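Comments concern the structure below.
The values are calculated or read from the model by the stated rules, or taken from the named source; none is laboratory data. Note that the structure is predicted; figures quoted are calculated from it, not measured. Every residue, glycine as well, gets a Cβ built from its backbone with ideal geometry; the counts of neighbours run over all protein chains shown.
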Amino acid sequence: MTTNRTELLTLFHKMATEIAEKEFPPFTEQTVISDLGIDSLAMLELVGAMERHFEIRIPDEQLVGITTVNDLLAVVEKGIAAARA
């Protein structure tokens, strides 16, 4: 399964919309996640959804310091790469 950044960003938008139960305006990888109104609980739900979708495990210590969409996507990409190794 090949996943590029555009696909990850689209998936993040879809999952965030479902978890937050609201539609988000367009955003970029540089968008700060908390600026979207996603709190820490919703963030954990979002990470869990990503883990299930890609059948990966993201260690909790990798979640520390995530502030932007790009930060989260980078951690997901790392998890996908580790699962393939």
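Computed values, structure above
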item: Only listed residue being surrounded by 15 or more Cβ atoms within 10 Å (Cβ to Cβ), charged (D, E, K, R) and at pLDDT 90 or above, chosen from E55, E7, E77; result: E77
item: Total residues in the range 67-85, condition over 10 Å from the mean Cα position of the chain (by Cα) and free of Cβ contacts under 8 Å to residues at least 40 places away in the same chain; result: 8
